[in-house]
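The values are calculated or read from the model by the stated rules, or taken from the named source; none is laboratory data. Bear in mind the structure is a predicted one, so any value in this text is a computation, not a measurement. Every residue, glycine as well, gets a Cβ built from its backbone with ideal geometry; the counts of neighbours run over all protein chains shown.
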Amino acid sequence: MSTTVTYEAVIGLEVHAQLLTRSKIFCGCSAAFGAPPNSQTCPVCLGMPGALPVLNRRAVEFAIKTALALGCDITPVCRFHRKNYFYPDMPKNYQISQYELPLAWRGSIEVPADGTTRRVRIHRLHLEEDVGKLLHAGTLQAADYSLVDFNRSGVPLMEIVSEPDIRTPEEAAEYLRQLRAILVYLKVCDGNMEEGSLRCDANVSLRRAGSEELGVKAEVKNMNSFKSVQKALAYEIQRQTQVLEKGGKIVQETRLWDADQELTLPMRSKEYAHDYRYFPEPDLVPLAISQKWIDEIRATLPELPQQRRARFAREYGIPDYDVAVLTTSRPLADYYEKVAKSCQEPKLASNWVMVELLGHLNKDGREIADSPIPPAELAALLGLLKGGSISGKIAKTVFEQMYLTGKSAELIVKEQGLIQISDQDALLQIVEEVLAKHPGPVADYRKGKVQSLTFLVGMVMKSSRGKANPQVVGELLLTRLKGEEPGGGG
């Protein structure tokens, strides 16, 4: 009698984050993205003989800041090593990285998982230089030829390696989201996965459920979005499960995620540390990090995403979903907070920021920093709505005009005569006209069909071109339908 074996996935992520320094890590070349190929290079980042590296202090500062945010221990004295290998995008045939003495280690990130949180430990955080970029002519598997752009060579990279504490593709994607949010809040990385400034490799293996022994792992590369990380890991777990169920063995190798075919493909056999022939970088002295410097950097740490989420829930009383959306990035959280504080209506502010503003920005492919409506102006619009000067329908019309023209809500309302009509005498005339035109719904309401009131309110709003105060309209209609005089006792 055969028994079905249940396997558990064991996942660890290696995240490479390009640091937002103006220059590269060991030379003065620009680290900006998007320049013409090979236009941002020099003898140092091209690996010319005799060229000597000089460490970028700001890159070290950004790495320390990140390590502190992740709760890591900072290494008092760390050093750089040469990681030797030959790839066509590696001009020196070695990469300056860190090996047995990384800049920091032993941190953690709290990751939401199945209604609770999982603590994913950080194994190490270290600095290194990026390599060039290959441009393939042809398919991913069979390029006719490749070109190399060395602009990215030497751009400062921070590698953050997790412990194998992740169990599902969903947890892996969430870990990456949480880490990206922290990096963006710190302003040390822009988190742009499509441009390659945040890249992720995953190590995944399977073991029998309940076992502590780790299985043979495969490394998966070429994942450039949260969705691709989730899909690639789900595929790899399924692939390894099928191999084991057929009695086969997992080969330790590096595999490439093909997003078009949605599968992983073999790339090369997995290297081991000794394959790289690490040895200390002779052109860089060991890096001593003083406690004074650490304390100075710690004092600059902003409120981090997890702290801000807790404060938003506590201070503004908005739902968890709203909190999660509004704290996705630091600029978005800042924007919302300015609106909420100004209009004194936190939930109203969250609704308009999430639905109206983000809806328009996402449609146009714009970031919150590019919003044509400043926080103070959105708060002013909500103030007009809250105070009854304009209706909800008119508020949306005004918002559209604000977004398109950049004009203030007050100016648009004034120019277009959109002030809400709340005067009973002015509205009563419209109410009487609507009642006279629609005797059927009037009779239906008096027979007990209360839904007819909604129809009649809608007709009054239409007649007033949306400017009537719906609350006053409802009160007037109820009074007249009961046969009473407005403001009287009937």
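Structure values in brief
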item: Residue selected from the range 456-472 under the condition among the hydrophobic types (A, V, I, L, M, F, W, C) and within 16 Å of Lys393 (Cβ to Cβ), by the criterion surrounded by the most Cβ atoms within 10 Å (Cβ to Cβ); result: Ala468
item: Set Met193, Met267: member being of a type outside the set (Gly, Ala, Ser), in contact with a Ser or Thr (Cβ under 9 Å, 6 or more places away or on another chain) and outside any loop (DSSP other than H, G, I, E, B); result: Met267
item: Condition broken by Glu296, with the remaining ones in (1) surrounded by 17 or more Cβ atoms within 10 Å (Cβ to Cβ); (2) more than 14 Å from Leu186 (Cβ to Cβ) satisfied; result: (1)
item: Flag for Val323 being outside any loop (DSSP other than H, G, I, E, B) and assigned by TED's automatic domain parsing to the domain that holds Leu52; result: no
item: Residue identified as among the small types (Gly, Ala, Ser), under 19 Å from Ala288 (Cα atoms) and either loosely packed, with under 13 Cβ neighbours inside 10 Å or touching a helix residue (DSSP H, G or I) at 6+ places or on another chain (Cβ under 8 Å) (or both) among Ala104, Ala63; result: Ala104
item: Which numbered condition Gly383 misses (of (1) exposed (fewer than 15 other Cβ atoms within 10 Å of the Cβ); (2) touching a helix residue (DSSP H, G or I) at 6+ places or on another chain (Cβ under 7 Å); (3) closer than 25 Å to Ser464 by Cβ); result: (1)
item: Test: residue in the range 68-85 that is farther than 30 Å from Ala209 by Cβ and free of Cβ contacts under 8 Å to residues at least 24 places away in the same chain; result: no
item: Arg268 being out of contact with any Pro (no Cβ under 7 Å at 6 or more places or on another chain), surrounded by fewer than 21 Cβ atoms within 10 Å (Cβ to Cβ), modelled with pLDDT under 95 and of a type in the set (Lys, Arg); result: yes
item: Hits in the range 96-118 (condition: modelled with pLDDT of 95 or more and not in a loop (DSSP other than H, G, I, E, B)); result: Ile96, Ser97, Ala104, Trp105, Arg106, Gly107, Ser108, Ile109
item: Index of the failed condition, Ala143 passing every other in (1) farther than 23 Å from Thr241 by Cα; (2) modelled with pLDDT of 90 or more; result: (2)
item: Output for the range 23-44, where each listed residue is in contact (Cβ under 8 Å) with a residue 24 or more places away in the chain and either outside the structural domain of Gln95 (by TED's automatic domain parsing) or within 11 Å of Ser153 (Cα to Cα) (or both); result: Lys24, Ile25, Phe26, Cys27, Cys29, Ala31, Asn38, Gln40, Thr41, Val44
item: Residue that is among the hydroxyl-bearing types (Ser, Thr, Tyr), at pLDDT 85 or above and out of contact with any Cys (no Cβ under 9 Å at 6 or more places or on another chain), where the choices are Thr405, Thr454; result: Thr405
item: Residue list for the range 58-87, filter: farther than 17 Å from Trp105 by Cα and either polar (S, T, N, Q) or part of a loop (DSSP other than H, G, I, E, B) (or both); result: Asn84, Tyr85, Phe86, Tyr87
item: Matching residues in the range 292-314 - criterion: being touching a residue at least 12 places away in the same chain (Cβ under 8 Å) and part of a helix (DSSP H, G or I); result: Trp293, Ile294, Ile297, Arg298, Pro305, Gln306, Arg308, Arg309, Phe312
item: Condition met for Asp165 (buried (at least 23 other Cβ atoms within 10 Å of the Cβ) and in contact (Cβ under 8 Å) with a residue 24 or more places away in the chain); result: no
item: Selection count, the range 197-221, where residues are hydroxyl-bearing (Ser, Thr, Tyr) and crowded, with 19+ Cβ neighbours inside 10 Å; result: 2
item: Given (1) surrounded by fewer than 20 Cβ atoms within 10 Å (Cβ to Cβ); (2) free of Cβ contacts under 8 Å to residues at least 40 places away in the same chain, index of the condition His360 fails; result: (2)
item: Checklist (1) closer than 16 Å to Glu281 by Cα; (2) buried (at least 19 other Cβ atoms within 10 Å of the Cβ) applied to Val120, failing item; result: (1)
item: Filtered residue count, the range 259-275, keeping only those that are within 26 Å of Gln178 (Cβ to Cβ) and either in contact with an Asp or Glu (Cβ under 6 Å, 6 or more places away or on another chain) or touching a residue at least 40 places away in the same chain (Cβ under 8 Å) (or both); result: 1
item: Matching residues in the range 48-57 - criterion: being under 13 Å from Glu281 (Cβ atoms) and either under 36 Å from the mean Cα position of the chain (by Cα) or outside any loop (DSSP other than H, G, I, E, B) (or both); result: Pro53, Val54, Leu55
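Each row is one residue, and each column tells you yes or no for (1) within 29 Å of Ser108 (Cα to Cα); (2) surrounded by 17 or more Cβ atoms within 10 Å (Cβ to Cβ); (3) among the polar types (S, T, N, Q); (4) touching an Asp or Glu at 6+ places or on another chain (Cβ under 7 Å).
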position: Met223; (1), (2), (3), (4): yes, yes, no, no
position: Lys227; (1), (2), (3), (4): yes, no, no, no
position: Lys231; (1), (2), (3), (4): yes, yes, no, yes
position: Gln240; (1), (2), (3), (4): yes, yes, yes, no
position: Gly247; (1), (2), (3), (4): no, no, no, no
position: Trp257; (1), (2), (3), (4): yes, yes, no, no
position: Arg277; (1), (2), (3), (4): no, no, no, no
position: Pro282; (1), (2), (3), (4): no, no, no, no
position: Gln291; (1), (2), (3), (4): yes, no, yes, no
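Table: residues versus (1) part of a strand (DSSP E or B); (2) in contact (Cβ under 8 Å) with a residue 40 or more places away in the chain.
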| site | (1), (2) |
| --- | --- |
| Leu233 | no, yes |
| Thr241 | no, yes |
| Gly248 | no, no |
| Trp257 | yes, no |
